[in-house]
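The values are calculated or read from the model by the stated rules, or taken from the named source; none is laboratory data. Just so you know, these numbers come straight off a predicted model, no measurement behind them. Note that each Cβ is placed from the backbone with ideal geometry, even for glycine, and that neighbours are counted across all protein chains shown.
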Amino acid sequence: MLPARLFQFASLALFLILASSAGEEPSSTPGASGRAIFVKNCSVCHRGGGEGTRHVPPLNGSEWVQGDDRTLARILLRGLEGPIDVGGREFISPLKMPAFSQLSDEEIATVISYVRSFPKNGGAPVDARIVTAERSALVAELGSHYAERRWTAPELVERRTRDASLFRRLRRLIFG
Ligand code: HEC
């Protein structure tokens, strides 16, 4: 098995373990430090309440923020290049969503957990171990310069579909 494939399985296995231990105290919680990371890194584009602008999509009431943990972690690790649909609107921005690979796993988990706590969002805090697993999978697949090229929205959707089919295969493998 190729190492990249192995890491995809490893990150999925970790995700399953974390999902089954839901209810335990997450290793990161939104709050004061989440706000500080957000103000320093995100609010210049997404605005202080995550409401976005004409060109930058909102984080408050975003299906991407409320969606699966792994996709959200991927967006932060590698950045994103539009066009992208958010809240029923298509955004084609002259600004591009930068990669935040320089932040630690803990910081990324803290800031996305903070963004999830915005009034129009739902979703549980993200565990830093999810970010660790996604970063390791990207390094295995693309090398340490994984953040040199940004994701596109269709690539992220394709990954999510692949996660789901790996999940089904793994479940068949375990439960027959
Ligand atoms: C330089 C401006 C800029 C900064 C800084 C920035 N973003 Fe973005 N972000 C964008 C743009 C623009 C998009 C839409 C995709 C594109 O066109 O590149 C986006 C898309 C997103 C998305 C997916 C779409 C959505 O609206 O939910 C998320 C999640 C996100 N950003 C989170 C963050 C977080 C968290 C931070 C801070 C750690 C951050 N962004 C910092 C510009 C920025």
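Worth pointing out:
- For the range 118-135, filtered to residues that are surrounded by fewer than 16 Cβ atoms within 10 Å (Cβ to Cβ) and small (Gly, Ala, Ser), the residue that is nearest to residue 50 (Cα to Cα) is 122.
- All positions within the range 36-88 that are of a type in the set (Val, Ile, Thr) and farther than 21 Å from residue 147 by Cβ: 39, 53, 86
- Lone unmet requirement of (1) assigned to a helix (DSSP H, G or I); (2) over 13 Å from the mean Cα position of the chain (by Cα); (3) free of Cβ contacts under 8 Å to residues at least 12 places away in the same chain for residue 157: (2)
- Residue check for residue 149: basic (Lys, Arg), over 20 Å from residue 12 (Cα atoms) and surrounded by 20 or more Cβ atoms within 10 Å (Cβ to Cβ): no
- Helices (runs of 4 or more DSSP H) lying entirely in the range 39-91 (those with 2 or more residues that are near the ligand (Cβ under 8 Å from one of its atoms) and farther than 28 Å from residue 164 by Cβ): 43-46
- Residue check for residue 87: buried (at least 18 other Cβ atoms within 10 Å of the Cβ), over 24 Å from residue 139 (Cβ atoms) and small (Gly, Ala, Ser): no
- Note on the range 27-38: among residues that are among the hydrophobic types (A, V, I, L, M, F, W, C) and more than 10 Å from the ligand (Cβ to nearest atom), the one that is surrounded by the fewest Cβ atoms within 10 Å (Cβ to Cβ) is 32.
- Boolean, residue 50 is among the small types (Gly, Ala, Ser), surrounded by 13 or more Cβ atoms within 10 Å (Cβ to Cβ) and at pLDDT 95 or above: yes
- Any hit, the range 136-150, residues being closer than 16 Å to residue 67 by Cβ and either more than 11 Å from the chain's Cα centre (by Cα) or at pLDDT 95 or above (or both): no
- Within the range 105-153, being in contact with a strand residue (DSSP E or B) (Cβ under 8 Å, 6 or more places away or on another chain) and either in a loop (DSSP other than H, G, I, E, B) or among the basic types (Lys, Arg) (or both) holds for 124, 150.
- Taking the range 76-127 as the range and being among the hydroxyl-bearing types (Ser, Thr, Tyr) and at pLDDT 95 or above as the test, the residues that pass are 101, 104, 110, 113, 114, 117.
- Of all the numbered requirements in (1) within 7 Å of the ligand (Cβ to nearest atom); (2) of a type outside the set (Phe, Trp, Tyr); (3) more than 15 Å from the chain's Cα centre (by Cα), residue 97 misses one, and that requirement is (3).
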